[in-house]
Every structure is written in structure tokens, then in C-alpha cells.
Amino acid sequence: MNDKPTEGLRLQKALAQAGVASRRASEEMIAEGRVEVNGRVVTEQGTRVDPEHDVIRVDGSRIPPPRRHMYLVLNKPRGVVSTMDDPQGRPNLEQYVPRHQRLFHVGRLDTETEGLLILTNDGEFANQLSHPSHEVPKTYLVEVEGLLDNKTLRRLEKGVTLEDGHIKADKVKLVHRAASRSLVQITLHSGRNRIVRRMMDSVGHPVRQLARISIGPVRLGQLQVGETRELTREELGELLDVIDR
């Protein structure tokens with residue numbers, strides 16, 4: 001937080017510009033001790049901040065800095081390559097983003113997997129969020145061949161050994177079982193290539209269909225296949241907290 005009283009933006013104005021509340025309501029939040037700046041509760045109305053660099057929270061939730069970049073959520077269709085162009089001429093991500101925008105993707109999906117991708121032109125954000133050290137949990141909805149029993153579900157949670165090492169799911173939940181297929185929800189933080197497909201192959205239940213439904217706090221919700229939306233302020237704030245851990 002800037003110590004010079006003549007520099008920066010008044011805290012209540014910064015909150016209003018971020019869309020938290022009106023300036024008057026922001027002043028009330030400050031007076032009630034609900035606002036923190038860089039880990040310290042601030043109750044002085046005239047406090048000035050640098051929204052680009054100070055960490056501002058309201059009721060514990062981080063308020064992102066003013067957006068200078070684009071942050072999109074895409075529900076990627078099956079058959080689309082997770083690149084902005086493809087030498088083989090296959091469908092790619094370019095058709096789903098604004099024209100003339102070169103975006104990075106957070107969390108690659110293989111061509112036959114649909115679901116959630118985060119797209120951004122903030123390269124540093126994309127690199128940090130993709131780094132294995134941050135271990136962002138990702139949840140998938142998986143349709144597999146055969147009837148998954150409880151023993152196999154526990155095996156996935158305890159871990160299986162693949163050619164590139166041991167891997168275990170953070171959480172596995174059976175959603176539905178019928179005839180010759182099972183539907184399961186699986187959460188893990190590994191970003192290894194085709195990891196869900198290889199895990200299910202290893203327990204004898206090949207994947208029929210696979211969709212990623214969440215990355216950390218970001219969920220597909222009602223977003224239709226092929227549609228995009230912007231990250232909400234709350235989602236972006238939580239992801240920035242993940243990066244700063």
C-alpha cells in the first residue's frame with residue numbers, strides 16, 4: 001500500500017471501479033472493517049491504494065486489479081485442437097475467440113476431450129497457473145466402458161502406477177452405472193498428458209467420453225459447448241490467490 005497520501009486511488013473509489021459496490025456502500029464496508037489492503041484491515045476512508053499492485057480483499061475475497069487483459073472461459077467441443085492454429089487444418093481455438101486476439105490456454109485438452117479451457121492474453125498469468133507447483137485441482141466427467149465397482153473406485157483414489165510414475169485421484173465419485181457403461185466424476189491436480197484416459201485404461205475401463213467441468217474455482221455451469229464467457233471477478237480473484245500461494 002502506498003504510504004504517500006497524495007498518490008494512488010482512494011480505496012472507496014477503487015472498490016467502486018472494480019464493481020464491488022457503489023462508492024457510498026464501499027465507504028460503509030470500510031467503516032465496518034470488512035476491507036483489507038495487503039493483509040491489514042483498513043477503516044480510514046481517505047486511504048489511497050494502488051489497485052494494480054496492492055492486494056485488496058472484501059470479506060476475505062480478493063478483488064482483482066483493473067483488467068488490462070482478456071480472461072475467457074471456453075467450453076471446447078470434441079474434435080477441436082487446443083491450439084490457435086493447426087498445420088493440418090483441423091478445427092482449432094481461433095474460431096472461438098475475438099478476431100485478431102492471440103490467446104494462451106490454461107490447461108490443454110486433447111482433441112477428443114471437450115470441456116473447460118481458460119483462455120487469456122496474459123502470458124504470465126497463464127504460465128503461473130499452469131505451473132505444476134500450484135497444483136490447481138481439475139474435475140472431469142468421464143463415461144467409461146464397463147461397470148465400475150467400489151473396489152476400482154478406491155483403487156483410483158489410492159493410486160495407480162503408469163509408465164511415467166504413480167498417480168492418484170484427489171476424489172472419485174460414481175455418478176451413474178447402467179448396462180455396459182459407468183459415469184464417474186474424478187478430480188485430480190496433475191497436468192500430465194491424457195492422464196484421465198491413461199488412469200482409466202490402467203484399471204480396465206477405457207474412456208468413451210470425457211469432459212472437464214472445472215479448474216479450481218472456475219466451473220462450466222450452464223455454458224454450452226462452443227460458447228465462451230468472461231471470468232467473473234470472484235473467479236479471477238481466487239485464481240490470483242492460487243498463483244500467490
Report summary line: With the 1.4 Å probe rolled over protein heavy atoms, the chain has an accessible area per residue in Å² of 54
Query raised in the report: To the nearest 20 debye, what is the magnitude of the charge dipole of region 166-218 about its Cα centre, counting +1 on the Cβ of each Lys and Arg and -1 on the Cβ of each Asp and Glu?
Result: 80
Query raised in the report: Cα axis of helix 233-244 to longest principal axis of the chain: angle in degrees, 0 to 90, nearest 10?
Result: 80
Report task. Please list the non-local residues whose amide H lies under 5 Å from the amide H of Y71, H modeled 1.01 Å from N, same-chain partners needing a gap of 5 or more. Result -> L231
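Roughly speaking, to the nearest percent, how much of region 74-192's 1.4 Å accessible area is carbon and sulfur?
Of all accessible area on region 74-192, carbon and sulfur atoms account for 46 percent.
Determine, for each peptide in 121-127, 182-188, the mean count of other beta carbons within 10 angstrom over its residues, then list the peptides with the highest first. Walk me through the numbers on the way to the answer.
Values: 121-127: 15.4, 182-188: 19.7.
The packing order, highest mean first, is 182-188, 121-127.
Only loop residues by DSSP count here, and only those with at most 12 other Cβ atoms within 10 Å; note down the trypsin sites (Lys or Arg not before Pro) in region 82-148 that meet that. Can you show the working numbers first?
Numbers: sites: R99, R102, R108, K138; in loops: R99, R102, R108.
Taking region 82-148 and a limit of 12 other Cβ atoms within 10 Å, the loop trypsin sites (Lys or Arg not before Pro) found are R99, R102.
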Report summary line: Check: C-alpha center region 70-104 vs C-alpha center region 125-158, spacing in Å is 24
Report task. Per DSSP H run of n ≥ 4, the term is -39500 (n - 2.57); total these for the chain, divide by its residue number, and report the mean residue ellipticity at 222 nm rounded to 500 deg cm²/dmol. Result -> -6000 deg cm²/dmol
Query - Other-chain or far-sequence residues with amide H under 5 Å of R181's (modelled H) - result: G146
Report summary line: Residue by residue through region 138-154, the couplings from Karplus 6.51 cos²θ - 1.76 cosθ + 1.60 with θ = phi - 60°, in Hz, x for Gly and Pro, are 10, 10, 10, 9, 10, 9, 10, 6, x, 9, 6, 9, 4, 4, 5, 4, 5
Requested in this report: Using a 10 angstrom cutoff on alpha carbons, build the Gaussian network for the chain and name the most mobile of E114, E163, E135.
Outcome: E163
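The values are calculated or read from the model by the stated rules, or taken from the named source; none is laboratory data. All figures in this text were calculated on a predicted structure; none of them were measured in a lab. When we count neighbours, we look across all protein chains shown, and the Cβ atoms used for this are built from the backbone with ideal geometry, even at glycine. Protein only, heavy atoms only, side chains kept; ligands, DNA and RNA dropped before computing areas. Shrake-Rupley method; radii C 1.70, N 1.55, O 1.52, S 1.80 Å.
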